[in-house]
1. Using the beta-carbon distance between residue 219 and residue 531 and R0 = 60 Å, what value does 1/(1 + (r/R0)^6) give for FRET efficiency, to the nearest 0.05?
2. Return one number: the angle in degrees, 0 to 90 and rounded to the nearest 10, between the long axis of the Cα atoms of helix 577-588 and the longest principal axis of the Cα atoms of the chain.
3. Quick check on region 375-626: what are the equivalent-ellipsoid semi-axes from the Cα gyration tensor, as sqrt(5λ), descending, whole Å?
4. To the nearest 10 degrees, how steep is helix 615-626 against the longest Cα principal axis of the chain, on a 0 to 90 scale?
5. Students often check this: by mean Cβ neighbours within 10 Å, which of 428-436, 44-52 ranks highest, and how do the rest follow?
6. Give me the percent of DSSP beta bridges within region 375-626 that run antiparallel, rounded to the nearest 5.
7. Scaled to the compact-protein estimate 2.2 N^0.38 Å, what is the alpha-carbon radius of gyration of the chain, rounded to two decimal places?
8. Once every DSSP H run of n ≥ 4 in the chain is given -39500 (n - 2.57) and the sum is divided by its residues, what mean residue ellipticity at 222 nm do you get, rounded to the nearest 500 deg cm²/dmol?
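Values in this text are rule-based calculations from the coordinates and carry no lab data. The shown structure was predicted, so the numbers you read here are calculated from the model rather than taken from an experiment. Quick reminder, even Gly has a Cβ in these numbers, built from the backbone with ideal geometry, and neighbours come from all protein chains shown.
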């Protein structure tokens with residue numbers, strides 16, 4: 001008998017948001033299944049309106065920015081370092097029935113990656129910033145009525161970000177230097193003079209800190225920066241162009257990570273993004289009053305960039321029941337610079353479900369939203385062996401009593417579950433499976449005290465937390481119910497496999513998506529960027545922290561729960577050889593492929609497998625968790 005897996009509407013998402021300098025327009029990519037479309041938004045109305053831009057083939061790598069006059073500049077990136085992409089200038093029609101007018105195209109130069117940036121001047125200078133190779137970046141200007149790319153400046157290192165400091169001549173960028181330190185790649189703020197074709201370092205606090213220029217107001221000449229010195233991320237301000245940068249205590253006393261996003265149009269208020277555990281929220285800093293006020297709003301997750309050129313704020317938002325989309329924060333919800341913030345704003349917690357009356361955010365619906373009844377989730381706090389552990393829970397107040405209960409382990413390790421829409425967790429919940437997604441020690445968003453224990457000690461405190469939670473939950477479940485199911489992706493898959501062997505009797509099944517088998521083996525087989533991360537974070541070289549107890553190949557013989565292993569053949573983060581080695585080891589131990597474990601290779605990359613983008617992959621995982629069918633994912637590479 002095959003378990004029934006409910007079908008879901010197409011999973012929608014909006015991503016890649018960009019805003020015009022005057023705040024009138026926005027662009028984003030919208031994904032549904034394998035279809036990617038480009039949308040342009042008119043933000044001048046009380047309710048943002050959107051229109052699909054028919055500008056030829058679009059994929060997830062496409063970069064698009066709107067200009068102040070409503071035109072859209074797109075970049076279709078090349079397929080490889082030696083390939084050629086395309087820059088396209090499109091003018092969406094005013095009439096919904098008219099066709100998009102393509103003004104001109106030009107080829108991109110060879111590059112590893114790149115992004116577009118539009119200037120604030122009336123002539124709308126458009127820049128392409130590329131990574132030429134692993135050692136150099138280049139700035140290009142899009143010029144002429146028949147556009148062509150004019151090289152402006154080549155800079156050693158990697159460039160990112162972009163904050164204009166005047167009408168279009170001076171541009172601040174984040175610059176990652178070529179030299180490495182014990183702390184990893186070092187970033188500092190540079191200023192590029194486009195007229196003189198020169199650059200200089202403008203913001204650097206120490207030789208070991210990441211220091212960035214985050215926001216600037218031409219109206220007040222206020223500048224916001226961030227710095228990792230002396231060991232913790234802080235926000236600094238230089239007010240009205242005078243005096244040194246100062247780091248206000250009220251801005252930096254919170255243990256939760258904060259990032260400056262943008263100033264308002266008048267330059268008197270600074271918008272701050274704060275990661276508050278699994279959720280995030282917006283704050284306003286009032287420099288003249290040295291005061292921080294929260295903006296009341298729904299619990300969820302927010303992403304930069306943000307636009308704040310008029311009364312409302314526009315930003316990308318998601319919640320467990322809300323696929324990512326454009327959110328509008330009304331001006332009535334935002335603390336003013338000249339009056340004290342409303343008491344409701346000061347008292348609204350991060351768990352608010354929508355803000356007080358008159359202050360409610362609006363979210364732009366997806367075309368399938370009227371057909372979708374997405375499952376909601378809750379934030380709960382559970383006792384751990386070394387303190388409270390926050391977790392996201394699907395399944396309502398009786399989630400512990402659900403017949404099928406999945407404990408989902410996030411990747412990273414310096415990552416966390418976010419209070420956002422997750423297609424795989426949504427699919428599990430739709431099938432009646434309760435989900436517990438804990439942010440155990442090592443998760444980000446809870447301060448250094450929660451994060452630090454896992455740095456240099458992979459599968460130490462975090463594994464202890466996972467096993468502790470499972471034992472506590474199992475003790476509250478009825479004896480006739482199946483034991484919890486482990487599900488992990490990337491680092492979480494490594495952790496899940498170790499947990500399945502550490503206490504085999506705790507688990508009924510285990511799903512590992514793109515796992516690795518040990519820190520030393522990943523360091524040996526991965527590319528340079530991953531090797532650098534493993535060397536800095538795992539405790540490599542300390543046998544007590546990377547020894548047999550933390551090697552899946554040594555411990556997999558103790559696993560008794562049925563396994564589902566899935567890996568992408570084009571995974572460039574964790575090579576597929578990691579899962580192939582585990583499969584070989586299981587066969588050497590006498591395990592039978594089929595009854596004991598299922599092994600599937602997918603013709604896709606790391607992100608697609610870890611986030612379970614393909615519908616058939618999600619269905620495979622759900623069926624396996626229901627315990628009626630191991631796998632039905634035909635790729636022609638099973639059992640390799």
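1. It comes out at approximately 0.85.
2. Tilt of helix 577-588: around 0 degrees.
3. The answer is 25, 21, 18 Å, longest axis first.
4. 40 degrees
5. The peptides rank, most packed first, as 428-436, 44-52.
6. 35 percent
7. It is 0.98.
8. -4500 deg cm²/dmol
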